[in-house]
Ligand SMILES: Cc1[nH+]cc(COP(=O)(O)O)c(/C=N/[C@@H](CC(=O)O)C(=O)O)c1O
């Protein structure tokens, strides 16, 4: 009998499985609103012009193919830390940020999970928002952490359940780890206001919780990299020690190049050096050292003033196109079609996604009847909409909810 005959068929990934179903559909009207990957106004993947320029700069330098250090391209990680924490951040000035390149945001989160499971000096429990990015749960569980939830989404108001969030964080055991989406919450698209972040910071301090930020969309939410980093920078300025996972998949369009970084703020350079050494001990047996190309592209942008500001304007361009799609979809549903229900959240939400409130059966019907694909929780990637498919989408939603 085969060695593997007991292996059961596992379920398709809740997000990446939608793309497979979309690809299998042959209807020309099909629309993929599943995976959070930016598409331009013609529905095509978008390589940022600043990224193309950066790639030319990298190629012109005739780079070698040698191994990177275990923690990756040093100039890249230095510049990634600057982008997240800001040049005037105390931890940057003290040289106390321990940072490593990672296999994009997922890899950063996993290195963080593994590191916390080994070295966090309190109970290995992490609280994630309900709902959160689906992959967070198996990722932290497989790292060896116990995963719990804190209230985040209020179905009635289709908004933030701030009272529930505060109550759950206050009820969490002291020193619990808490995962925070720095901006563009996935899947709800609902972010705390700056005032609410300040209140969350106070509770985290009062309960001695350990904040682990997932910043997968810096610049992509509001169009401003500094605005989107508010929560991270506020917490550090308030004296919290944090863990931070960064992704350059969306804001630089480097999806398949797998560019990210994981960092921990430490007490001082000596402690940073010890933490660096333990990050290397986590990474070496995992994948030894990270890929060259994407980090070189990202660093070519982050280290060149002109290219950096061109990149920032392109990120703003992506954010603005998504915001215009939000306006258009809202107007179709609320005004043209008078679709039953409240649709203001389509406009008030931020970042890649809109949490529509469509039920799982409705999402299934939309896939089967209208060839519109989205995740079963009713999340749509706004980037998948454009002027040539938005009317078909709005009419399909209208039909599905009537
Ligand atoms: C919040 C969040 N964190 C991390 C990631 C990981 O991205 P990476 O490509 O590893 O840098 C993603 C990706 N989210 C989209 C794609 C995916 O599911 O992999 C999504 O939610 O569609 C997130 O939405």
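What follows is calculated from the coordinates using simple rules that are stated; it is not laboratory data. No experiment lies behind these values; they were computed from the predicted model shown. With ideal geometry, Cβ positions are generated from the backbone for all residues, glycine too; neighbour counts draw on all protein chains shown.
Note on residue 156 and residue 348: their simple-model spin labels are 1.4 nm apart, each label 7 Å out from Cα toward Cβ. Over the range 203-320, the pair-distance histogram of Cα-Cα distances with 10 Å bins from zero comes to 12, 35, 36, 16, 1 percent, rounded to whole numbers. Each stretch of four or more DSSP H residues adds -39500 (n - 2.57); spread over every residue of the chain, this sum gives -13500 deg cm²/dmol at 222 nm.
By the Kirkwood approach, averaging reciprocal distances over each pair of separate Cα atoms, the range 1-138 gets a hydrodynamic radius of 20.1 Å. P(r) for the range 81-165, from all Cα pairs and a bin width of 10 Å, is 15, 32, 35, 17, 1 %, short bins first. On the principal axes of its alpha-carbon atoms, the range 156-258 has extents of 39, 34, 22 Å, going from largest to smallest.
For the range 252-309 and the range 81-129, compute the distance between their C-alpha centroids and round to whole Å. Taking the Cα centre of each part, the range 252-309 and the range 81-129 sit 11 Å apart. Going by neighbour counts of Cβ atoms within 10 Å, the residues 23, 328 line up, fewest first, as 23, 328.
Taken along its principal axes, the alpha carbon cloud of the range 43-114 reaches lengths of 37, 31, 28 Å, longest axis first. Expressed to the nearest 5 percent, the antiparallel share of DSSP beta bridges inside the chain is 50 percent. Taking the longest Cα principal axis of the chain as reference, the axis of helix 305-330 is set at about 30 degrees. Remark: 224, 50, 61 ranked as 61, 224, 50, counting other beta-carbon atoms within 10 Å and listing the fewest first. Relative to the longest principal axis of the Cα atoms of the chain, helix 293-302 runs at roughly 90 degrees. Working from label points 7 Å from Cα in the Cα-to-Cβ sense, the residue 402 to residue 206 distance is 5.0 nm. With the biggest extent put first, the Cα atoms of the range 244-402 measure 62, 37, 29 Å across the principal axes. Residues 188, 157, arranged from fewest to most other Cβ atoms within 10 angstrom of their Cβ, appear as 157, 188. Computed on the chain, with alpha-carbon pairs under 8 angstrom and 6+ residues apart, the relative contact order is 26 percent. Using only Cα positions of the chain, each an equal point scatterer, no hydration layer, compute I(q)/I(0) via Debye at q = 0.14 Å⁻¹ and quote the log10 values to two decimals. So the normalised log intensities are -1.30.
A crude spin-label estimate for the pair residue 365 and residue 2, with each label 7 Å from Cα along the Cβ direction, gives 4.0 nm. Seen against the Cα atoms of the chain and their longest principal axis, helix 390-401 is set at about 70 degrees.
DSSP beta bridges confined to the range 59-213 are antiparallel in about 15 percent of cases.
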